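Enquirer: This is the structure I have questions about; it appears just below.
The values are calculated or read from the model by the stated rules, or taken from the named source; none is laboratory data. Everything quoted here is computed from the prediction, not taken from an experiment. Neighbour counts are summed over all protein chains in view; Cβ atoms, including those assigned to glycine, are modelled from backbone coordinates with ideal geometry.
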Amino acid sequence: MSLKRKTRTLCARLSHGCGISLWAMALAAILTCPTQAQDEHILGKWDPPPLGYDWDFNAEHTIHLPTGKILVARNGNTASLWDPSDGSFTLVQNTTHNIACSGHTGLADGSILFAGGAGQGTATDQTSIYSSQSSTPNPWREVGPMNFTRWYPTCITLPDGKVLAIGGTDQPGGVPVDEPEIYDPDPTIEAWGSPLGLQPADTLRTYPYHVPPARWRCIVCGPGDTDVGPPSRFGCVDARS
């Protein structure tokens with residue numbers, strides 16, 4: 001049986017309801033993807049870092065900023081800026097928000113929003129923003145808290161610049177937070193709310209995966225009954241407000 005025929009057969013078996021599932025689409029992409037040897041110029045490749053560029057710590061979050069530098073969250077309140085041009089680090093510690101295990105996403109002005117997080121038996125509803133363009137000594141500022149504490153949430157930037165927070169648990173290893181909420185970055189608002197018509201997602205635990213919003217509908221999936229493993233829950237959130 002040809003590769004294309006196998007792909008169509010497997011996709012048909014995995015499809016259900018209104019169309020092909022995310023699993024079927026992912027499998028089709030894997031089966032039809034060229035090998036590294038065939039198309040390395042398309043797929044790229046991994047190389048060891050230049051001498052002296054090895055990090056001596058584990059990074060929990062890494063975000064590529066508009067400046068070209070990398071914002072690195074290590075643990076707790078500790079964060080640094082890594083300059084890939086010379087391999088140097090500059091400490092930019094967040095003194096008010098434990099951003100370990102938080103969700104984060106980029107805003108329209110190039111700043112980075114961090115929501116929830118914490119650890120060692122606790123979770124937080126705090127939200128803070130890092131600005132790479134800040135002229136003040138402290139580039140962090142705290143904004144309105146979420147409606148729920150969330151450990152390992154996912155944050156998604158919407159077409160209008162607002163942020164959708166979904167998933168996470170109320171404490172490490174705790175109860176899943178089913179209710180999505182939206183943050184409005186308007187300087188006169190800077191607060192979270194659940195807009196009219198936003199339906200709770202199916203139970204999604206830690207760091208749900210997502211397909212970028214198309215016409216305001218965001219497909220999300222992730223582990224259901226445990227914090228690890230392949231996606232077992234799927235949902236669609238209409239984030240129009």
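Enquirer: Would you pick out the residues in the range 145-190 that are without any contact (Cβ under 8 Å) to a residue 12 or more places away in the chain and in contact with a strand residue (DSSP E or B) (Cβ under 7 Å, 6 or more places away or on another chain)?
Expert: If the condition is that a residue be without any contact (Cβ under 8 Å) to a residue 12 or more places away in the chain and in contact with a strand residue (DSSP E or B) (Cβ under 7 Å, 6 or more places away or on another chain), then Val175 is the only one that fits.
Enquirer: Just one of (1) surrounded by 16 or more Cβ atoms within 10 Å (Cβ to Cβ); (2) in a loop (DSSP other than H, G, I, E, B) trips up Gly121, so point out which.
Expert: For Gly121, the failing item is (1).
Enquirer: Oh, and also: Restricting attention to the range 191-205, does a residue exist that is at pLDDT 90 or above and not basic (Lys, Arg)?
Expert: yes
Enquirer: Related question: Among the residues of the range 114-138, write down those that are at pLDDT 95 or above and at negative phi.
Expert: Scanning the range 114-138 gives Phe114, Ala115, Ala123, Thr124, Asp125, Gln126, Thr127, Ser128, Ile129, Tyr130.
Enquirer: Taking helices (runs of 4 or more DSSP H) that fall entirely within the range 1-108, which contain at least 3 residues that are modelled with pLDDT of 70 or more?
Expert: Per the criteria, 40-43.
Enquirer: Out of the residues in the range 60-83 meeting the condition of being without any contact (Cβ under 8 Å) to a residue 24 or more places away in the chain and surrounded by fewer than 15 Cβ atoms within 10 Å (Cβ to Cβ), tell me which one is nearest to Pro153 (Cα to Cα).
Expert: Thr62
Enquirer: On the given criteria, is Phe89 under 23 Å from Arg205 (Cα atoms) and hydrophobic (A, V, I, L, M, F, W, C)?
Expert: no
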